[in-house]
Amino acid sequence: MEILSIKNLNKAFGPNKALTDIDLDIPQGVIYGLLGPNGAGKTTLIRIINQIIEADSGDIYFENQILNPNHIGQIGYLPEERGLYKRMKVWDQLIYFARLKGLSASLANERVNFWLDKMDIKNWKDKRIDDLSKGMAQKVQFISTIIHEPKLLILDEPFSGFDPVNADLIKNEILELKQKGITLVLSTHRMESVELLCDHVAMINRSKKILDGKLSEIKQTFRPNEYEVIIRNEDRILPEEWEVKWEDQIATFNIKLRDKTENESLSYLMQFGEILGFSEKIPSMEELFIQQVNLNSDG
Amino acid sequence: MDKIWLVIKREYLSRVQKKSFLLATLLTPLIFPAIMGVFLWIAMDESDNSALRIIEVVDENNMFFIESSDQYAFSYANGDTEYGKNLVKSGDRFGFLYIPKIDLNNPSGIVFYGDSNPSMNFISYLESSLKRRIEEQRLYESGIDPEVISAYRTKVNIRSITLDNSGEEKFTDATVNYAIGFSTGILIYIFIFVYGNQIMHGVIEEKSSRIVEILVSSLKPFQLMMGKIIGIGAVGLTQFLIWMVLISSVSFFVIGYFGMQMPQQQVMEMANPQLTSSINTETPEIAGILEVIKEINFVKLALTFIFYFLGGYLLYGAFFAAIGAAVDAPSEAQQFMLPITIPLLIAYMGLFVFVLNDPNSNVSFWLSIVPFTSPIAMMGRASYGIPLFDLALSMSLLIIGFLFSTWVAGKIYRIGILVHGTKINYKTLWKWVKSG
């Protein structure tokens, strides 16, 4: 089942198209990567989902209902540019955000206590944000995003501004939220986190969606059918077209299989020496991203 | 509605709990009574500590007799100039007044010698005593009895009474009206600027620290804006009410305290208006003012004040919020302040030039009807009693004006808070108002 379904969404700011005919289906319980270069329209899309701005045309369904203000309490949002009231105490701030998301006073108290404990910042609850380190403030910010336990959590560049230790903490927190059945949308251009976390991805470039699907399927679709071969060859004589890299008697090179199967290829290669390695080259998201963006920008 | 209430509560508490709020609220009203207290204290100190000052008089005309007062006594020993000067030098006398033979038509050559510079008050006391004596003497010489003259001296006082169409009579007094219009009008003017600026800075803080994007994912921008405006308005109202209570109670104590120690009539009058009824005949002006004050419907006046106080604040507060949303930093806000400053200045100048001087003129009428100037200008007419039609028209227009300004500001605010790093001008603002 889709938690969020977007149909034919359009948005323009004056003469500039921010989103053109966007269709997206975000399945329940996945981590969904929203990828795209800066200025592609990701933030606009996220703002529309959060009902901060309105689309010009198109429909959004949240759990099969037209998206409406009642859904605000079920969506959590961490913007890329984030902030807190600098002179407000940690506790007051979290309670305020929790109450704004529709939690009752007692439930807000309970949740804030729970998360302060979990994130190990309980001793800081009476401090003002001014007095916290940047990493500490980021934790408070993260808590404020998930304090109302939303069904859908949208994180815009969630790792920017975190040091590696805290980034790891957030990563684990994201995986734990997924375990609980929460759907997460990560908007990012940091591909290593996409590979590590996302089940689904959609790529947006110049206001249009250019790619979407399961991460594994996308990688399958776009694999170049290329293999890396490592062979020990004592004579150091191999066909010239293979562009071989030599290291003593060890040769490393890439081949395309064309119409042969893997086994046929292997038996063919065996005549050139002892095969030490034979593995398919899977494109990294980074390569795919750059390839797709360039492809679309040229055309 | 719940969410607006949460915003109001945060805006209110985060300001009221600040130390600076506590200081400003407690110290400001103490300033006036404190200044008054210091003056009274100095005055009393002087009259307590100074022993009777004796002034030697040498009068070659043998004509002048100056009455002694609480502080000054005059001695006539018929000495000469040297004798008088020596008394001052040796410290036996506070001063020495020398009156040579004078021409009554053109008196000159009168000198006062003192060991220190005498006060203006003292010199004018001497001057008026001598003047009175010379006048009497001259009248006498021209064959008129001074007693007769003083018997004919009359004081005229006009009391003005307004007659309304039901025939009810009401005492009015331009001075009282002026004082009330002046103080309430200025209060509203200051209130709009001080708290309007707080709204603007609050919006800029939320925008520049990017909290606003998180906030508007939880509630509508309009709710956020209204919550802020109402919350800060409540802070202002709280401060104002505390001031009223503090000023009246502290003034009461200061006047009461000094009133006990200082037998002067004026102080007693200030502290206890009932006493003045016994001296009505001697001071008809004060009695008249008291009568006018008695006639003023203070409940109605206070309600009018609170209405225009809040109406003006809400009308302009929305604009302050819109400006805050349109800019990235307070320094950029200056360029958009003109549309707020100009009508407020017109209202302020209009209050002094037209309304307070002639509350019934055409200009005064329009200034107190147009919503952009009415919150300040109407107060200049308030204590006269405003015709019901004028009041109803002005109030309804102010409510419409405030709804309109909030609507316009809401449109600018909604877009402005999400726009960063772009140069905004009036054309852009107009585009925002038209959009959506």
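The values are calculated or read from the model by the stated rules, or taken from the named source; none is laboratory data. Only a predicted model underlies this, so the values are computations on that prediction, with no experimental measurement involved. As a convention, Cβ positions derive from the backbone with ideal geometry for all residues, glycine included, and neighbour counts pool all protein chains shown. In case anyone asks, the SASA skips ligands and DNA or RNA and just uses the protein heavy atoms, side chains included. Shrake-Rupley method; radii C 1.70, N 1.55, O 1.52, S 1.80 Å.
Report the extension gain between B:Leu338 and B:Val433 in nm, rounded to one decimal, defined as 0.36 nm multiplied by the number of residues separating them, less their alpha carbon distance.
In short, 32.4 nm is gained.
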Checklist entry - In debye, nearest 20: dipole of the protein assembly as shown around its Cα centre with unit charges on the Cβ of K, R (+) and D, E (-)? => result 1320
Checklist outcome for this item: Checked the stretch A:43-110 with the C-alpha gyration tensor, a ≥ b ≥ c its square-rooted eigenvalues, rounded below a/c of 1.5, otherwise prolate if a/b is larger than b/c and oblate if not; verdict oblate
Checklist entry - If you add up the charges near A:Gln138, with Lys and Arg at +1 and Asp and Glu at -1, over every other residue whose beta carbon is less than 11 angstrom from its beta carbon, what do you get? => result +2
Checklist entry - Considering only protein heavy atoms and a 1.4 Å probe, what is the carbon-and-sulfur percentage of the accessible area of the stretch A:224-280? => result 42
Checklist outcome for this item: From the cross-link list A:Lys151/A:Lys209; A:Lys17/A:Lys209; A:Lys89/A:Lys122, the entries with a Cα-Cα span beyond 20 Å are A:Lys151/A:Lys209
Item to check | Positive dipole terminus of the protein assembly as shown, leading residue within B:Leu13, B:Leu303, B:Gly324 (C-beta point charges) | outcome: B:Leu303
Next on the checklist: 7 Å from Cα along Cα→Cβ at both A:Glu240 and A:Gln28: what's the point-to-point distance in nm?
Outcome noted: 6.3
Next on the checklist: Give the separation of the Cα centroids, the stretch A:234-299 to the stretch A:174-216, in Å.
Outcome noted: 29
Checklist outcome for this item: Per residue, accessible area of the stretch A:224-280 with a 1.4 Å probe, heavy atoms of protein chains only, in Å², comes to 72
Next on the checklist: From the P(r) of the stretch A:224-280, could you give the percentage of C-alpha pairs in the tail past 19 Å?
Outcome noted: 20
Next on the checklist: Using a 7 Å offset from Cα along Cα-Cβ at A:Lys256, what residues in the stretch A:200-233 end up with backbone N under 20 Å from the label point?
Outcome noted: A:219-230
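Please give the contour-minus-distance gain from A:Asp131 to A:Asn8: 0.36 nm per residue of separation, less the Cα-Cα distance, rounded to one decimal in nm.
39.7 nm
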Item to check | Rounded to the nearest 20 debye, dipole of the stretch A:2-220 from Cβ charges on Lys, Arg, Asp, Glu | outcome: 520
Checklist entry - Past the 25 Å Cα-Cα mark, which pairs from A:Lys125/B:Lys9; A:Lys42/B:Lys3; A:Lys101/A:Lys208; A:Lys180/A:Lys214; B:Lys207/B:Lys228? => result A:Lys42/B:Lys3; A:Lys101/A:Lys208
Checklist outcome for this item: Interface call, the stretch A:85-100: threshold 40 Å², probe 1.4 Å, accessible heavy-atom surface of protein chains, chain by itself vs complex, result A:Tyr85, A:Tyr96, A:Phe97, A:Arg99, A:Leu100
Next on the checklist: Using a 7 Å offset from Cα along Cα-Cβ at A:Ile282, what residues in the stretch A:227-247 end up with backbone N under 16 Å from the label point?
Outcome noted: A:227-228
Checklist entry - Considering the dipole of the protein assembly as shown built from charges on the beta carbon (Lys and Arg +1, Asp and Glu -1) around the Cα centre, which of A:Leu84, B:Leu403, A:Ser216 is farthest to its positive end? => result A:Ser216
Next on the checklist: At 7 Å along Cα-to-Cβ for each site, give me the label-to-label distance between B:Asn360 and B:Glu127 in nm.
Outcome noted: 4.1
Checklist outcome for this item: In nm, the gap between the two label points placed 7 Å beyond Cα toward Cβ at B:His201 and B:Ser248 is 3.0
Checklist outcome for this item: Note to self: C-alpha centroids of the stretch B:110-164 and the stretch A:110-153 sit apart, in Å, by 81
Checklist entry - lysines near B:Lys131 by alpha-carbon distance under 29 Å, same-chain residues fewer than 8 away left out - which ones? => result B:Lys85, B:Lys89, B:Lys101, B:Lys155
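Sum -39500 (n - 2.57) across every DSSP H segment of at least 4 residues in chain A, then divide by the residue count to get the 222 nm mean residue ellipticity, nearest 500.
My calculation for chain A gives -10000 deg cm²/dmol from helical runs alone.
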Item to check | Size of the B/A contact, given as accessible area buried on both chains, probe 1.4 Å, in Å² | outcome: 2100
